[in-house]
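Enquirer: What follows is a structure written as structure tokens; I'll ask about it next.
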Amino acid sequence: ELRVLLAKGALTWEYKFIRIALLGDPAIKLTGLSRTSSSSVLYQNVDNASELKDGFPKSLDQLSPFSVVVLSRMRPADLSAAQQQLLLDYCGKMGGGVLLIGGAETFDTAWRGTPLEQLLPLQLAAAPSLASTQASRSPQAPLEPFRLQLPPEALALSAFQQSASE
């Protein structure tokens with residue numbers, strides 16, 4: 001059984017739709033952990049009453065039942081430094097997988113310098129100061145487009161290769 005922990009920074013419909021998509025695969029068990037407020041958490045599909053009772057796992061023993069941890073719409077501040085280090089150890093010592101999903105409101109330079117930055121498939125460049133950004137463009141000028149620059153090692157990975165038929 002492949003167990004997946006879907007930890008969400010806010011209550012959304014993601015869990016429902018992912019669970020429906022996985023109904024035909026009995027080999028995958030999805031467990032949800034959604035923050036509903038600063039002091040409240042919703043648990044979905046836990047194995048027993050004590051599993052995740054204190055919220056996001058705080059030890060490798062608590063993470064060990066899961067093969068993958070998905071952090072959805074979470075920011076670095078949503079996890080303590082110890083929990084971030086725990087996820088790093090989970091990957092490095094236990095071979096667990098961590099998937100981060102979100103959008104512009106989730107992924108920015110706030111990840112720079114955190115333990116989880118080491119798991120990101122990119123390097124975060126230093127952000128220009130607000131003063132220099134405002135001075136360099138007029139209020140009506142659009143923001144510069146985002147340019148993804150992958151290192152040669154990343155470009156060599158199969159995920160970035162195209163077949164001749166594409």
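Enquirer: If each of D25 and D89 carries a label point 7 Å out from its Cα toward its Cβ, how far apart are those two points in nm?
Expert: Placing both labels 7 Å beyond Cα along the Cβ direction yields 3.0 nm.
Enquirer: Along each of its three principal axes, how wide is the spread of alpha-carbon positions in the stretch 61-122, in whole angstrom units, largest first?
Expert: So the three principal-axis extents are 31, 20, 19 Å.
Enquirer: Can you give the three extents of the C-alpha atoms in the stretch 1-102 along their principal axes, from longest to shortest, in whole Å?
Expert: 36, 31, 28
Enquirer: Can you list residues from other chains, or at least 5 along the same chain, whose modelled amide H is less than 5 Å from the amide H of K29?
Expert: L2, R3, V4
Enquirer: Let me ask you something else. Hey, could you pull the Cα Rg and Dmax for the stretch 50-94, both in Å?
Expert: Rg, Dmax (Cα atoms, Å): 10.2, 26.
Enquirer: For the stretch 21-68, just run the numbers: alpha carbon Rg, then divide by 2.2 N^0.38 Å, N being how many residues it has.
Expert: 1.24
Enquirer: I'd like the Karplus ³J(HN,Hα) series for the stretch 52-64: coefficients 6.51, -1.76, 1.60, θ = phi - 60°, whole numbers in Hz, and an x wherever there's a Gly or Pro.
Expert: 6, 4, 9, x, 4, x, 10, 8, 5, 4, 6, 7, 4
Enquirer: Let me ask another. For the pairs K53/K93; K8/K29; K58/K93, note any where the Cα-Cα span goes beyond 20 Å.
Expert: Violating the 20 Å limit, Cα to Cα: K53/K93.
Enquirer: Starting from the stretch 25-125, pick out the GluC sites (Glu not before Pro) whose DSSP state is loop and whose Cβ has at most 11 other Cβ atoms within 10 Å.
Expert: Answer in residue order: E105.
Enquirer: How high is the FRET efficiency between S64 and T109 when r is their beta carbon distance and R₀ equals 25 Å, given to the nearest 0.05?
Expert: 0.20
Enquirer: Among the trypsin sites (Lys or Arg not before Pro) within the stretch 44-112, which fall in a DSSP loop and have no more than 13 other Cβ atoms within 10 Å of their own Cβ?
Expert: Those satisfying the criteria are K53, K58.
Values quoted throughout were computed directly from the atomic coordinates according to the rules given, and no laboratory measurement underlies them. Since this is a predicted model, take the numbers as computed values, not measurements. For neighbour counting, all protein chains shown are included, and Cβ atoms are generated from backbone atoms with ideal geometry for every residue, glycine included.
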